[in-house]
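A.B. asks: Can you keep this structure in mind? I'll have questions shortly.
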Amino acid sequence: MKLIVLGKYGPFPPAGGACSGYLLEHEGFYVLLDCGNGVLSRLQKFTGIDKLGAVILSHLHSDHISDLFILRYALQMERERGLNDTPLLLIAPEEPAEDYARLAYKNVFKIEPIRPEKMIDVGPFRFSFLRTVHTIPCFAVSVSLHGTKKLVYSADTEYFQEFVPFADNADLLLCESNFLTEDLCKGAKNHLSASQAAAIACEAGVQTLLLTHLLPFKNKKDYLDEASEFFKNVFTAEEGTVYNI
């Protein structure tokens, strides 16, 4: 299984950057996790839009879904040109209801709601979900490949103890760390700090921690310095990089 980081920033990117978007690949089968601004252009450096097997949205905030509203035009035009008439599987939270309703567009998507109690098989991947602590319904995603490899994506969340067993023994934990501890001390909410992400990685016994959903105006070294006090095998996600799991 490969993880390709297309965008790593939130809630907005720096010049030349992109918000949350992560491409999973195994033997030519692709699934996109989140589709923030700037992601669609970068995706096409690695595969064609017609090769996507599914898109999974962790939640319906704009920095995680905005390019989906551009992707639908590309899918529509593929259909009009006779290149592909199969709706693309789109898996997303049902709430907020008004945002969920906006996802439907000219039958280019086959939309299915996330059910946290239900696992979903898509191609070679098996997905399971855990609701996180965020301002709107949001779901962490666990991805397994033939029961042997496991990637866990935190999506957006505050710290909550139930996330630790969900990430248990993951080969790679792709974990948001929007804040540093100093931000939490000033009252920042709704996201993890780098130290909290590292503490989760340590408690869960993961092999590698990849920090993502970073603020564009902070220095990535500060994130790494803070996280490495608690967990040594930690890196910041790098856009355009392919990680083998």
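A.B. asks: Using a Cα-Cα cut-off of under 20 Å, which aspartates and glutamates could be cross-linked to Lys51, ignoring same-chain neighbours fewer than 8 residues away?
C.D. replies: Glu25, Glu27, Asp34, Asp67, Glu78, Glu80, Asp85, Glu112, Asp121
A.B. asks: While we're on this one: Neighbouring Cβ atoms within 10 Å as the yardstick, rank Leu75, Leu210 fewest first.
C.D. replies: With the sparsest Cβ surroundings first, the list reads Leu75, Leu210.
A.B. asks: To continue, here is another question. Using the count of nearby Cβ atoms within 10 Å as a rough guide to exposure, how do Thr241, Thr148 rank from fewest to most? Mind showing how you got there, number by number?
C.D. replies: On the way: Thr241 13, Thr148 8.
Going from sparsest to densest Cβ surroundings: Thr148, Thr241.
A.B. asks: What is the spin-label model distance, in nm, from Leu224 to Leu83 if the labels are put 7 Å beyond Cα along the C-beta direction?
C.D. replies: 3.8
A.B. asks: Over the chain, what is the relative contact order in whole percent, taking alpha-carbon pairs under 8 Å and six or more residues apart?
C.D. replies: Working: 586 pairs, mean separation 43.9, N = 245.
Relative contact order comes out at 18 percent.
A.B. asks: Can you tell which of Phe163, Phe12, Leu224 lies farthest toward the positive end of the dipole of the chain, using +1 and -1 charges on the Cβ of basic and acidic side chains (Lys, Arg; Asp, Glu)?
C.D. replies: So the residue we want is Phe12.
A.B. asks: To make sure I understand, if each residue's beta carbon is the centre and we count other beta carbons within 10 Å, what order do Ser62, Ser144 fall in, fewest to most? Write down the numbers at each step before the final one.
C.D. replies: Working: Ser62 15, Ser144 20.
With the sparsest Cβ surroundings first, the list reads Ser62, Ser144.
A.B. asks: To test your reading of the geometry: what angle, between 0 and 90 degrees and rounded to tens, separates the Cα axis of helix 68-80 from the longest principal axis of the chain?
C.D. replies: In the chain, helix 68-80 runs at an angle near 20 degrees to the longest axis.
A.B. asks: To continue, here is another question. Taking the Cα centre of the chain as the origin, how large is its charge dipole in debye, to the nearest 20, when only Lys and Arg (+1) and Asp and Glu (-1) carry charge on their Cβ atoms? Intermediate results must be reported in sequence, preceding the final value.
C.D. replies: On the way: 23 positive and 31 negative charges, 108 e Å.
So the magnitude is around 520 debye.
A.B. asks: Sticking with this structure for a sec: Whole angstrom only: what separates the Cα centroid of the range 114-145 from the Cα centroid of the range 54-79?
C.D. replies: When both Cα centres are located, 18 Å separates them.
A.B. asks: Projected onto the charge dipole of the chain (+1 at Lys/Arg Cβ, -1 at Asp/Glu Cβ, origin at the Cα centre), which of Val152, Gln76, Leu210 gives the Cα projection farthest towards the positive end?
C.D. replies: Gln76
A.B. asks: Identify the trypsin sites (Lys or Arg not before Pro) of the range 54-83 meeting these criteria: DSSP loop state and at most 11 other C-beta atoms within 10 Å of the C-beta. Numbers along the way, then the final one.
C.D. replies: Details: sites: Arg72, Arg79, Arg81; in loops: Arg81.
Loop-located and lightly packed - Arg81.
A.B. asks: Based on alpha-carbon atoms only, what is the radius of gyration of the range 1-62 relative to the globular estimate 2.2 N^0.38 Å? Before the final figure, lay out the partial values.
C.D. replies: Details: Rg = 11.1 Å, N = 62, 2.2 N^0.38 = 10.6 Å.
In units of the 2.2 N^0.38 Å rule of thumb, it is 1.05.
Read-outs throughout are calculated quantities, based only on the coordinates presented, and are distinct from any laboratory measurement. The shown structure was predicted, so the numbers you read here are calculated from the model rather than taken from an experiment. Reconstructed Cβ throughout: ideal geometry from the backbone, glycine too, with neighbour counts over all protein chains shown.
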